[in-house]
1. Does segment 325-376 hold any residues that are within 13 Å of residue 397 (Cα to Cα) and assigned to a strand (DSSP E or B), and which are they?
2. With the structure loaded, tell me whether residue 241 is in contact with a strand residue (DSSP E or B) (Cβ under 7 Å, 6 or more places away or on another chain), part of a loop (DSSP other than H, G, I, E, B) and closer than 24 Å to residue 294 by Cβ or whether it fails that test.
3. Scan segment 219-261 for residues that are under 29 Å from the mean Cα position of the chain (by Cα) and touching a residue at least 60 places away in the same chain (Cβ under 8 Å) and report the count.
4. Residue check: is residue 279 out of contact with any helix residue (DSSP H, G or I) (no Cβ under 9 Å at 6 or more places or on another chain) and farther than 30 Å from residue 215 by Cβ?
5. (1) assigned to a strand (DSSP E or B); (2) at negative phi: which one isn't true of residue 189, the others all being true?
6. Take the residues in segment 426-450 that are closer than 20 Å to residue 340 by Cα and buried (at least 17 other Cβ atoms within 10 Å of the Cβ), then tell me which one is nearest to the chain's Cα centre (by Cα).
7. Determine, yes or no, whether residue 75 is in contact with a strand residue (DSSP E or B) (Cβ under 9 Å, 6 or more places away or on another chain), surrounded by fewer than 20 Cβ atoms within 10 Å (Cβ to Cβ), in contact (Cβ under 8 Å) with a residue 12 or more places away in the chain and not assigned by TED's automatic domain parsing to the domain that holds residue 306.
8. Just one of (1) surrounded by fewer than 16 Cβ atoms within 10 Å (Cβ to Cβ); (2) under 29 Å from residue 244 (Cβ atoms) trips up residue 319, so point out which.
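The values are calculated or read from the model by the stated rules, or taken from the named source; none is laboratory data. Predicted model, so just to flag it, every value in this text is computed and none were measured. Positions of Cβ are backbone-derived with ideal geometry, glycine not excepted, and every protein chain shown enters the neighbour counts.
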């Protein structure tokens, strides 16, 4: 019986699980897999939603829709709780957090509880087998599951096997991963996976099974960025630099077929890059995002079998977005008064500041108060933790008074068609009303740019004299006068 290759504690999210596999396999490469691993050629997840009987164990077990199966029964579920006097853990999800698992209450007679035939593997190739298992019993005296994994040829010949020993109980629900390596036959890549429980049913021996995978192990493949000692780079959006990736496959590949791949979702899915079929690849600038690259290699004799592909280590290029910076609208203030700037800055771990630092309450505040004695231009600058920069400007105009025009000609000739108050900044929070000779309000504005086209609800108003009244929210100041509408 081969020595076990690894026994792993729970990894949490699927992305974290992927990284942990890479790290731990690399520790044992000198013992079993002296090369690189490919993607899972087989990935039995038991589905995403709703229980089904599509994964029937062999004789002696019966499917039940109950999430608390009795001895000799099994179910496919995404959770289980309050079982058998609360002697089972409450399991709220599968080991990745987003799907189902196989829940088995062992039959009284030890034996097989899961078998499946796997096809389309690569012949004469080493594969990593792995599966996640949980003892769902709480820490009480009970029968412990003791599992044997067997990889068999179709004729029943055992190619490899591994026994877990007693799987202990834990104070909290805990997924553990078990696995080993095996080699497919030279003349037939079809294999049978047989999982058996050597312990009897009864009080205990209740387990969950999830995420059964087979990953090919081949000769070593390396990949890196030419001229860089690291395999991850962080640059800012708009950077025009190109990067050359270079890969190398071990000489054991007699006729290697190369293909670079790209993932834009942190390694969840990979796609072949069109035309990238040589050991080197030149990356051109792209928009913001995280781009993962790797080189896959397969021998020409089995190039059509995707499960034969072996992957290099991953190269990561992170293109960080330019910060979004707005200094806000230009401001107008009366001599001796103050106004507030309305800055905004969005991005990755930003630091921002205003300049110059004259007549401003706080240069690190996005909405500072400013009191300049004369016109001034302020700049809001921001820089992300990755060095990505942006800036914006705001003009603060200082006036001695507010001029209110006393006439306009809204006749559509493009000249003086709108009645506007140029220096009435919205920050003054002024209310403007225009009245006709009957005291009716024909125009109203509050805390906004004043712009009247001589109409009321789309109806043209008669030429003549109108009265305007401007009041301020935080002041007793009033501006009142006559306004002549000329047509």
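1. 331, 332, 333, 334, 339, 340, 370, 376 - these are the residues of segment 325-376 that are within 13 Å of residue 397 (Cα to Cα) and assigned to a strand (DSSP E or B).
2. Answer is yes for this residue.
3. Residues in segment 219-261 being under 29 Å from the mean Cα position of the chain (by Cα) and touching a residue at least 60 places away in the same chain (Cβ under 8 Å): 17 in total.
4. No; evaluated as a whole, the condition is false for this residue.
5. (1)
6. Result: 427.
7. no
8. For residue 319, the failing item is (1).
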